[in-house]
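First up is the structure itself, then whatever we jot down about it.
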Amino acid sequence: MKVQVNANVCAGFGVCLGLCPEVFELHDDGYAIVLVSEVPPELEDAVRQAVSQCPSGAISLDPRPSGASRVQE
Ligand code: SF4
């Protein structure tokens, strides 16, 4: 599973970082970035929680193991 944060939508609330700091980090410019290209299975539940609790709806999932989706690093 892949996860992406839309930096144009993210408002930097930091909810995702609190739920899953292994996957999300706050960029210096005030929006969240994704640290991993592929979410480890043991972190998928935490990432799904972040998706549902992000106040901006900035996080999206791609269930495919690989693909053309862009992941920020
Ligand atoms: S919870 Fe949503 S709005 Fe907040 S930092 Fe994470 S992606 Fe951005």
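State which residue is nearest to F13 (Cα to Cα) when the search covers only the stretch 52-65 and only residues that are buried (at least 16 other Cβ atoms within 10 Å of the Cβ) and under 9 Å from the mean Cα position of the chain (by Cα).
A58
Could you please find all residues in the stretch 22-38 being without any contact (Cβ under 8 Å) to a residue 12 or more places away in the chain and closer than 17 Å to P55 by Cα?
Residue satisfying the conditions is E25 alone.
What's the number of the only condition in (1) out of contact with any His (no Cβ under 9 Å at 6 or more places or on another chain); (2) surrounded by fewer than 16 Cβ atoms within 10 Å (Cβ to Cβ) that A7 fails to meet?
(1)
Just to verify a result, which residue in the stretch 27-51, among those that are among the aliphatic types (A, V, I, L, M) and in contact with a helix residue (DSSP H, G or I) (Cβ under 6 Å, 6 or more places away or on another chain), is nearest to the ligand (Cβ to nearest atom)? Give the derivation first.
To start, the set of residues in the stretch 27-51 that are among the aliphatic types (A, V, I, L, M) comprises 32-36, 39, 43, 46-47, 50-51.
Those still in the list that are in contact with a helix residue (DSSP H, G or I) (Cβ under 6 Å, 6 or more places away or on another chain) too: 32, 39, 46, 50.
Numbers: A32: 4, V39: 14, A46: 12, A50: 6 Å.
It comes out as A32.
Anything in the stretch 32-73 that is in a loop (DSSP other than H, G, I, E, B), at pLDDT 95 or above and in contact with a strand residue (DSSP E or B) (Cβ under 7 Å, 6 or more places away or on another chain)? List them, or say none.
Looking only at the stretch 32-73, we keep the residues that are in a loop (DSSP other than H, G, I, E, B), and these are 35-40, 54-58, 63-73.
Subset that is at pLDDT 95 or above: 35-36, 38-40, 54-58.
The answer is L35, E38, V39, A58.
Which residues, taken from the stretch 1-21, are within 9 Å of the ligand (Cβ to nearest atom) and either among the hydroxyl-bearing types (S, T, Y) or without any contact (Cβ under 8 Å) to a residue 60 or more places away in the chain (or both)? Step through it out loud before you land on a result.
Filtering the stretch 1-21 for residues within 9 Å of the ligand (Cβ to nearest atom) gives 5-7, 9-19.
Result: N6, V9, C10, A11, G12, F13, G14, V15, C16, L17, G18, L19.
The values are calculated or read from the model by the stated rules, or taken from the named source; none is laboratory data. Values in this document were obtained by computation on a predicted structure and should not be read as measured data. We place every Cβ from the backbone using ideal geometry, glycine too, and count neighbours over all the protein chains shown.
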